[in-house]
1. May I ask you to list the residues in the stretch 301-336 that are farther than 15 Å from residue 267 by Cβ and part of a strand (DSSP E or B)?
2. So which residues in the stretch 83-127 are within 21 Å of residue 171 (Cβ to Cβ), in contact (Cβ under 8 Å) with a residue 12 or more places away in the chain and part of a helix (DSSP H, G or I)?
3. Going by the conditions given, is residue 298 touching a strand residue (DSSP E or B) at 6+ places or on another chain (Cβ under 7 Å), within 18 Å of residue 226 (Cα to Cα) and at pLDDT 95 or above?
4. If a residue must be crowded, with 17+ Cβ neighbours inside 10 Å and either touching a helix residue (DSSP H, G or I) at 6+ places or on another chain (Cβ under 9 Å) or modelled with pLDDT of 95 or more (or both), how many such residues does the stretch 238-254 contain?
5. Could you list all residues from the stretch 151-176 that are more than 18 Å from residue 226 (Cβ to Cβ) and in contact (Cβ under 8 Å) with a residue 24 or more places away in the chain?
6. Working only within the stretch 190-210, note down all residues that are at pLDDT 95 or above and in a loop (DSSP other than H, G, I, E, B).
7. Regarding the stretch 115-126, can at least one residue be identified that is closer than 15 Å to residue 149 by Cβ, crowded, with 20+ Cβ neighbours inside 10 Å and at pLDDT 95 or above?
8. Just checking, which of 281, 318 is in contact (Cβ under 8 Å) with a residue 40 or more places away in the chain, touching a helix residue (DSSP H, G or I) at 6+ places or on another chain (Cβ under 6 Å) and surrounded by 14 or more Cβ atoms within 10 Å (Cβ to Cβ)?
């Protein structure tokens, strides 16, 4: 059965910080906050769900930092829909420094499916340069509190932040896994207009990544999540989040198929690694089996993976087909 979130954006509520990359009004879109409008949004979404399971997802701001009365009303609303059987629970996003023993005790009283933590980086230099307002130690503590309470959490991280590197990003991914995350999200850093990061680009103190850099660095992170068995729920922002509007988007690695390009790069690395163990395949036919639904990703945009394999190996042909027994990024290769 398919699963969906019903996103309710709590627009910048609960967050006094202004991270250098944040233009949350742009990212989340306008949302008039009141209980009646939230109910209307939930009911409208439920009418389109069919037989899909779904969660009410409070995204956008730092949910556990908003006005306590409003937070409790929203949690009670989610509980009401859960008890009616309309949804299977509540998902919420917040900052690591807005998780405390008191907050955890409150969350335990409600049907919380997952807490999504905006970890972004586990490198204190990167956090400081990004003006996150919390430390890596705050993240460790938040994850410990959630893990010990039995509340699943998702680690959200960003690629290409100021002062970050490929190494700091892979270390962040390893930390997210080792701290017990049940899932992850990868967001290559986009520069929006009217942000401190846009000013840094103008001054020359920050250089945004190219699409190729974002793909390569995101793929390295995704491979870590895959190795640990931590599912990656999303790579990159939704294409409609102001990324085509010149009054909104300023710079950075925007591409409508960025997530698929990253996953395609992981398949390429897997294929190349297996081919290295097989020795010479020149003038031979290569048959690559991939999980169901993954032929397009394994082939690559404009067949770039397939063409690269042919060029590097000198193989006579490359055929990619499905094997329903495979899962994740697992592959098998036959040389004919």
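The values are calculated or read from the model by the stated rules, or taken from the named source; none is laboratory data. Bear in mind the structure is a predicted one, so any value in this text is a computation, not a measurement. Reconstructed Cβ throughout: ideal geometry from the backbone, glycine too, with neighbour counts over all protein chains shown.
1. If the condition is that a residue be farther than 15 Å from residue 267 by Cβ and part of a strand (DSSP E or B), then 317, 334, 335 are the ones that fit.
2. Those that are within 21 Å of residue 171 (Cβ to Cβ), in contact (Cβ under 8 Å) with a residue 12 or more places away in the chain and part of a helix (DSSP H, G or I): 96, 97, 124, 125, 126.
3. Answer is yes for this residue.
4. Number of matching residues: 9.
5. Passing the criteria: 151, 152, 153, 158, 160, 161, 162, 163, 164, 168.
6. Residues satisfying the conditions are 204, 205, 206, 207, 208, 209, 210.
7. yes
8. It is 281.
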